[in-house]
1. Open to solvent by 10 Å² or more (accessible area, probe 1.4 Å) and either β-branched (Val, Ile, Thr) or over 20 Å from the mean Cα position of the chain (by Cα) (or both): does that describe B:Leu391?
2. Residue by residue through the stretch B:249-259, note down the ones that are away from chain A (no Cβ under 11 Å) and modelled with pLDDT of 95 or more.
3. Please tell me if B:Ile262 is β-branched (Val, Ile, Thr), touching a residue at least 24 places away in the same chain (Cβ under 8 Å) and touching an Asp or Glu at 6+ places or on another chain (Cβ under 6 Å).
4. For A:Ser12, indicate whether it is within 14 Å of another protein chain (Cβ to nearest Cβ) and either touching a Pro at 6+ places or on another chain (Cβ under 6 Å) or over 19 Å from A:His188 (Cα atoms) (or both).
5. Considering each of A:Lys382, A:Lys424, A:Lys415 in turn, give the residue that is at negative phi and touching a Ser or Thr at 6+ places or on another chain (Cβ under 6 Å).
6. If only one of B:Gln163, B:Gln127 is surrounded by fewer than 24 Cβ atoms within 10 Å (Cβ to Cβ) and touching a residue at least 40 places away in the same chain (Cβ under 8 Å), which one is it?
7. Taking into account only those residues within the stretch B:350-374 that are within 24 Å of A:Leu395 (Cβ to Cβ) and β-branched (Val, Ile, Thr), which is nearest to the other protein chains (Cβ to nearest Cβ)?
8. Give the number of residues within the stretch A:17-63 that are within 30 Å of A:Glu86 (Cβ to Cβ) and among the polar types (S, T, N, Q).
Number of protein chains: 2
Amino acid sequence: MKEEVRKVKLASPRMAASAGDTRNLALRMMKEALDEEREAIFAANRADLKQAEADAVAAPILKRLKFDEGKLRDVSSGIQDLIAMEDPLFQTQLWRELDEGLVLKRVSCPIGVIGVIFEARPDALVQISALCIKSGNCVILKGGSEARRTNKKLFEVISAAVQKAGLPENCMMQLEDRSEIRELLDCHGLVDLLIPRGSNAFVQYIMDNTKIPVMGHADGICHIYVDKDADIGKAVPIIVDAKTQYVSACNAVETLLVHRDIAREFLPELKATLDEKGVEVRGTEEVVAIIPCSAATAADDSTEYLDYILSVKLVEDVQEAIDHINYFGSHHTDSIVTENQETAELFMNLVDSAGVYQNCSTRFADGYRYGFGAEVGISTGKIHARGPVGLEGLLSYKYRLYGNGQIVGDYASGKKQFHFRDIK
Amino acid sequence: MKEEVRKVKLASPRMAASAGDTRNLALRMMKEALDEEREAIFAANRADLKQAEADAVAAPILKRLKFDEGKLRDVSSGIQDLIAMEDPLFQTQLWRELDEGLVLKRVSCPIGVIGVIFEARPDALVQISALCIKSGNCVILKGGSEARRTNKKLFEVISAAVQKAGLPENCMMQLEDRSEIRELLDCHGLVDLLIPRGSNAFVQYIMDNTKIPVMGHADGICHIYVDKDADIGKAVPIIVDAKTQYVSACNAVETLLVHRDIAREFLPELKATLDEKGVEVRGTEEVVAIIPCSAATAADDSTEYLDYILSVKLVEDVQEAIDHINYFGSHHTDSIVTENQETAELFMNLVDSAGVYQNCSTRFADGYRYGFGAEVGISTGKIHARGPVGLEGLLSYKYRLYGNGQIVGDYASGKKQFHFRDIK
């Protein structure tokens, strides 16, 4: 397999040098081919669904596994959006004359070879491929095994279209077997970036077992802090939305922190609404004294439930909330509910998370909702991209220096001097 | 030690929220304190130098170890430059109204806690501290053991000044013992980024033994390709400069690739000049047939000599040169000598390196020479910063979302729509 990956690596400089028009043509041909081959794709998907049902796969996974007219329409419209976007490559980010006739340019370029390991969602294969093509990256794809037949067909259709458009052979590769993931993790030096999506345990496994840089997030322990100056009329719906709108999302709230001064007034009102939604509250002793709920243990502070469970804790002030979040949180997204702008700014300055929100649901942490178009994933790291990552996260840059015989010795000796004049 | 590192981590949100004026005051007080304590610093340095001489440390290391009036003047002027620079924090990179009353801002922030392990150059301690202060990062410093006394004194002076200026306690930490490096590598989750500088073997050791992201480079196998359309009058001095101007630099050239059509004319002329400079040439069979030189082995293709040695190989065309560089190079800096602009563009598009140069020496790859002011290091990775890294490489960003009660449910149900209006 490593030899196959090496072929992808060798294709990557030509992919990086490909013209924006060629990459757009590839996207257009990919879109058309998906449309032409729709029946074969749907048939493969029906076979996957049948198998999954026979294997008693859970309903939410079946829903994600389905690739039908609606999903095809969505991915096609996503491809169309990407075609309409400006070429992200060959963008001059810095243009500086260092000295007479010695010109430095910093120009955007792709990262190179991206390995993406994703869940059982065939539409993700199409989206990720399209993002990589637009950004001039080669891609190695490994989708969830439940979608094996659909993914195989989709990959066939897409890679044929992309070749026909004139992009380099081997600019895309698919892994079909789960055992190949282990081999992929060893491809340090051939794969430039890994983007794993899926369960916390799986992403953590990837992060712990490779020397390839990894972009993504394992945990999503998000918090909402209800300040003493909160508008309760806003706080209740925000918490209900953040907890229940999509319970298994990484940006769902897991821990609620409430200012002591407002707890007696606020908690009973919240509890009534959470009861209607079937949310279990796990409270500290102080909370149990105010509302009927089960008792939280220390483990609740660092648990991502991904379920209809919310842990609740009282704090003395915004500083205690900040400290709790920075210590127990996963630096994903945390929100404060307050009408006091000074308190909000303090919270947003001091909470060390990719997203710091005031008076809105943590569920907004998403590339689509930020207006990025497609999303590669959400990063909780601070190196390279942070938060929801769009096309920009798949880019690097290189420095191009144009001279006419300049040597460093002349500058070291003082014979010549740099003048650093920005052209742009 | 981990507990000490945790204190630094806990200080990092307050450091990130510190005002630009406070950070500039800290830089000013640091500069003044260094000036006031100059005699004590020089005395500590004399003791280090005496010890190093007794230990028969090599002359180039002694030179780097020295911290005298000249070095103090240089670092002071560097601090002054940083004070004059605009605050890199709290810069709005994106400002977008997602919907009525729901406003997203992407704002620059520090990375957090930076661990820097550097060679026996006391001036590096001052530069790195100053860069971290300006960018609001906490820093953990480990300098070369030969400079132990000087570093201890410098750290005392700087950290006292920084505290007095009002920056958080524990925003700086120094490791004094080499054994502590191993412990630092285990501080995943507390240290956000490691920047190791030093020998290839050392940097590689760091990269192989930590889960903390590492910025830097192990190898620097840089190439110059002399094209058939090269101006020989430019090629010879460029190669001599790139090889001999500072032989132990990572951006010195190690392998020369020459187009076959120009080899018989060019190599004898180059050889004569290299002989004057005492450079040993290791050539392939074809090269040995043209000029007297020792025979290269396969290992020479991937050796960073850091010495007066140059391996020379002939190629059929620019594509073979590109393939050789992408395979054997370390993606650091590679230069083409040609008067043919089309060939140059092909080379610069296809060579996958942080720096791709035309008609100039590879030795220009340096933050100072790019006009970045100070330099943290040079990165050969493509994730986060690439090439020479200045202040910008020490920054991340966070997304701040301001609402007035918005919930995702309203957008998922279609009750509300995003309108994505860029304010800036």
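1. Considered against the rule, which asks whether it is open to solvent by 10 Å² or more (accessible area, probe 1.4 Å) and either β-branched (Val, Ile, Thr) or over 20 Å from the mean Cα position of the chain (by Cα) (or both), B:Leu391 comes out as no.
2. Within the stretch B:249-259, B:Val253, B:Glu254, B:Thr255, B:Leu256, B:Leu257, B:Val258, B:His259 qualify.
3. no
4. Values: within 14 Å of another protein chain (Cβ to nearest Cβ): yes; either touching a Pro at 6+ places or on another chain (Cβ under 6 Å) or over 19 Å from A:His188 (Cα atoms) (or both): no.
No, not satisfied.
5. Numbers: A:Lys424 fails: touching a Ser or Thr at 6+ places or on another chain (Cβ under 6 Å); A:Lys415 fails: touching a Ser or Thr at 6+ places or on another chain (Cβ under 6 Å).
Exactly one of A:Lys382, A:Lys424, A:Lys415 is at negative phi and touching a Ser or Thr at 6+ places or on another chain (Cβ under 6 Å), namely A:Lys382.
6. Matching residue, one of B:Gln163, B:Gln127: B:Gln127.
7. Here the answer is B:Val356.
8. Of the residues in the stretch A:17-63, 3 are within 30 Å of A:Glu86 (Cβ to Cβ) and among the polar types (S, T, N, Q).
The values are calculated or read from the model by the stated rules, or taken from the named source; none is laboratory data. These numbers were taken from a predicted model, which means no experiment stands behind them. Neighbour counts run over all protein chains shown; Cβ positions are idealised from the backbone, glycine included. We work out accessible area using only protein heavy atoms, side chains counted, and drop any ligands, DNA or RNA first. Shrake-Rupley method; radii C 1.70, N 1.55, O 1.52, S 1.80 Å.
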